[in-house]
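Just below is one structure, and these are the notes that go with it.
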Amino acid sequence: MRKKIVAGNWKMNTTYEEGEKLVQGIIEKKSEVKGDVTLIVAPPFTHLCCFAEPLGKAGIGISAQNCASHESGAYTGEVSAAMLASIDVHYCILGHSERREYYGETNNILLEKVKLALKHNLTPIFCIGEKLGEREAGKQFDVVKGQLQAVVCQLPAADFEKIIVAYEPVWAIGTGKTATAAQAQEVHAYIRKVLADTFGDAANRTPILYGGSCNPTTAPELFGQPDIDGGLIGGASLKPADFISVAKGF
Ligand code: PGA
């Protein structure tokens with residue numbers, strides 16, 4: 001039995017006050033979601049310290065959206081994994097396509113970030129996925145394999161057990177174009193196979209989330225697939241009712 005997880009990636013949205021309302025709304029509705037589904041919320045850095053306690057009390061996980069690739073020191077504007085751990089953040093999204101695309105995050109940088117997150121007991125939610133042109137050229141399998149081999153497959157087996165993977169086809173993110181359940185399942189099964197080639201049976205315990213325009217309508221069929229263990233939700237995580245409806249897709 002793998003963990004079922006629905007995580008909300010707020011990206012660069014919400015002022016502090018708006019974020020407080022959103023958290024409150026999610027906490028109020030949490031009881032509508034089945035008890036075996038883990039909810040995680042990933043607000044901007046500025047909100048994490050104040051949201052950690054109410055979310056923790058409500059049994060909801062709190063995640064950062066990024067962390068630094070260095071331990072500490074002269075890196076103006078960066079936030080380290082140790083800092084996040086010190087305010088009771090337990091998860092960290094890493095490798096999101098927006099970070100790869102707009103901030104030049106390479107596989108090598110991401111490997112450093114993942115290692116530091118793990119060192120400080122943050123669970124990485126590691127994102128992979130192909131761009132539109134790559135999908136059109138039939139290269140989606142090669143792309144996700146390369147992203148996994150360069151980062152996740154480099155980890156010691158004990159660390160691999162702590163990882164959450166998120167498959168997010170870039171062409172589906174924020175576009176309203178959800179991958180079909182069959183398209184997503186095909187890649188999820190492939191991801192699990194690539195992980196099993198390196199880590200064996202442990203790959204059967206790795207949660208693999210789908211992300212990319214997942215919404216209350218598309219979630220049930222996606223979450224019903226054998227290798228899809230939940231979702232990483234962008235747009236639909238910004239309204240309590242939508243986020244909770246997605247989580248009720250299980
Ligand atoms: P979306 O974003 O749900 O708005 O497509 C998902 C993500 O980028 O994590």
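The values are calculated or read from the model by the stated rules, or taken from the named source; none is laboratory data. None of these values were measured; they are calculated from a predicted model. Every residue, glycine among them, receives a Cβ derived from its backbone with ideal geometry; neighbour counts consider all protein chains shown. Surface areas here come from the heavy atoms of the whole protein model, side chains and all, with no ligands, DNA or RNA. Shrake-Rupley method; radii C 1.70, N 1.55, O 1.52, S 1.80 Å.
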Residue hits (the stretch 138-158; more than 22 Å from V114 (Cα to Cα) and open to solvent by less than 30 Å² (accessible area, probe 1.4 Å)) are Q140
In the stretch 203-250, what count of residues is obtained for those that are of a type in the set (A, V, I, L, M, F, W, C), in contact (Cβ under 8 Å) with a residue 12 or more places away in the chain and away from the ligand (no atom under 13 Å from the Cβ)?
7
Hey, which of the helices (runs of 4 or more DSSP H) in the stretch 1-91, taking only ones fully inside, have at least 2 residues that are more than 30 Å from R205 (Cβ to Cβ) and at pLDDT 95 or above?
16-29, 45-57
Can you tell me how many residues in the stretch 124-137 are crowded, with 19+ Cβ neighbours inside 10 Å and touching a helix residue (DSSP H, G or I) at 6+ places or on another chain (Cβ under 9 Å)?
7
